[in-house]
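The values are calculated or read from the model by the stated rules, or taken from the named source; none is laboratory data. Note that the coordinates shown come from a computational prediction; the quantities given were computed from them, not determined experimentally. Quick reminder, even Gly has a Cβ in these numbers, built from the backbone with ideal geometry, and neighbours come from all protein chains shown. With ligands, DNA and RNA removed, areas are computed over all heavy atoms of the protein, side chains included. Shrake-Rupley method; radii C 1.70, N 1.55, O 1.52, S 1.80 Å.
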Amino acid sequence: VVSTQSTGDVAEVTENFGEMSKPGEEEDEEEEVFNKEQTLLEACYRAIKTSIKKADLPILTSAFYSQHVKGCCEYPVEIKHTKWKKLGTLLKELQDAGLLTVKEQKKGVQSITHIDFTHVLLRGVKRLEKEEEDEDEEEEDIAVVQAFTCNAHAAKFFSKFGYKKGDILTRKEIRASLTNYIRQQNLVVEGDKSRITLDPHLADLSKIKDVRCKWNDVMQRSEQAFGQCYVISLPGRIPITVKGKLPPIQYKVEKRTGNKVVTLISNFSIFGIEGKELAQRLQLLQSSSACVIQGVKGEEVLVQGDARKHATKLLLTEYKIPKTFVSSQ
């Protein structure tokens with residue numbers, strides 16, 4: 001886990017798999033270690049997304065690293081100089097995240113036998129050469145996907161499928177696991193395929209008291225057993241996870257001394273937007289002064305005048321923020 005911040009109703013903001021150096025270390029050393037690990041993780045994601053195909057599996061872990069990961073590194077990185085020290089430790093972390101599966105097919109020889117090419121960690125990942133050679137290429141939009149955190153209650157059931165407390169699942173993954181379980185246990189009501197019979201495990205997970213119920217009821221109630229979170233995929237960066245409710249970017253128009261109107265914009269940082277850059281762009285669009293101030297819940301941009309119209313257009317068309325997460329006020 002890289003960092004945990006509080007932003008309004010947001011409980012946690014977590015970037016997957018990186019780890020900052022211990023407090024007390026010199027600043028230069030801390031940044032260097034973080035950059036090496038971040039670079040290697042991004043190379044793994046990029047190799048899976050752009051270099052590996054399903055037909056390549058199974059693939060030796062050594063070949064995966066030497067033939068694919070190294071070629072996708074933006075900067076040279078020696079794994080022995082990272083926190084993992086060995087390739088096996090890094091791959092175990094990726095396996096624990098559900099990204100891939102490593103098996104020892106024969107003594108001393110490990111291979112990657114499965115990769116989840118739809119995993120949330122791969123969203124927004126692009127080819128390295130495109131980032132370097134084609135600077136004018138249009139960037140991918142920011143993607144915000146609702147997901148679910150596996151808590152202790154949900155883990156009691158989903159541990160059957162290799163998930164553990166703290167894992168992040170998509171709705172598709174939850175429903176696929178439930179469907180497999182229901183069919184394997186022959187819980188579909190004979191003569192009525194729209195209904196299933198609840199066994200003690202499903203009843204405990206979903207908290208449904210009826211012996212029989214509809215498929216969709218089981219799916220929806222089972223999702224409620226999880227914690228809510230959102231996965232935000234930012235172009236060129238590792239996706240981040242926001243646990244809890246994700247607040248939209250909000251506007252607040254106030255009247256100040258002399259009946260002057262100002263607009264306060266908040267909650268933009270979670271979407272990877274820098275306050276200084278947003279203020280500069282709004283200053284040009286609004287033809288008025290704008291600055292960054294420290295609000296109660298984090299950075300805010302203060303713009304002279306009613307800047308809601310210009311801010312909305314900028315956020316939707318330039319920053320590609322989904323409309324759902326931009327205040328309509």
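A Förster radius of 56 Å combined with the Cβ-Cβ distance from Thr324 to Lys107 puts the calculated FRET efficiency at roughly 0.60.
Solvent-accessible area of the range 83-130 (1.4 angstrom probe, protein heavy atoms only): carbon and sulfur portion equals 49 percent.
A 1.4 Å probe, protein heavy atoms only, puts the accessible area of Lys165 near 140 Å². Along each principal axis, taking the top coordinate minus the bottom one, the Cα set of the range 150-308 gives 73, 32, 24 Å in descending order.
Remark: spin-label model distance Ala155-Val261 equals 5.2 nm, labels positioned 7 Å along the Cα→Cβ axis. Multiplying the residue separation of Asp306 and Asp116 by 0.36 nm and subtracting their alpha-carbon distance yields 63.7 nm. For the range 174-233, the solvent-accessible area with a 1.4 angstrom probe is 56 square angstrom per residue. Each residue of the range 279-289 was assigned a 3J(HN,Hα) from its phi angle through the Karplus curve 6.51 cos²θ - 1.76 cosθ + 1.60 (θ = phi - 60°); the sequence is 5, 4, 5, 5, 4, 5, 5, 7, 6, 8, 6 Hz, with glycine and proline shown as x. In percent, rounded to a whole number, the relative contact order of the range 256-302 is 42, using alpha-carbon pairs under 8 Å and six or more apart.
Under the criterion of Cα pairs below 8 Å and six or more residues apart, the relative contact order for the range 215-329 equals 22 percent. For the set Asp199, Asp306, the ranking by accessible area, highest first and with no ligand, DNA or RNA atoms included, is Asp306, Asp199 under a 1.4 Å probe.
On the range 151-302, 48 percent of the accessible area sits on carbon and sulfur atoms, based on a 1.4 Å probe. For the range 59-65, 3J(HN,Hα) computed residue by residue from phi via the Karplus equation (6.51, -1.76, 1.60; θ = phi - 60°) reads 10, 4, 4, 5, 6, 4, 6 Hz, glycine and proline entered as x.
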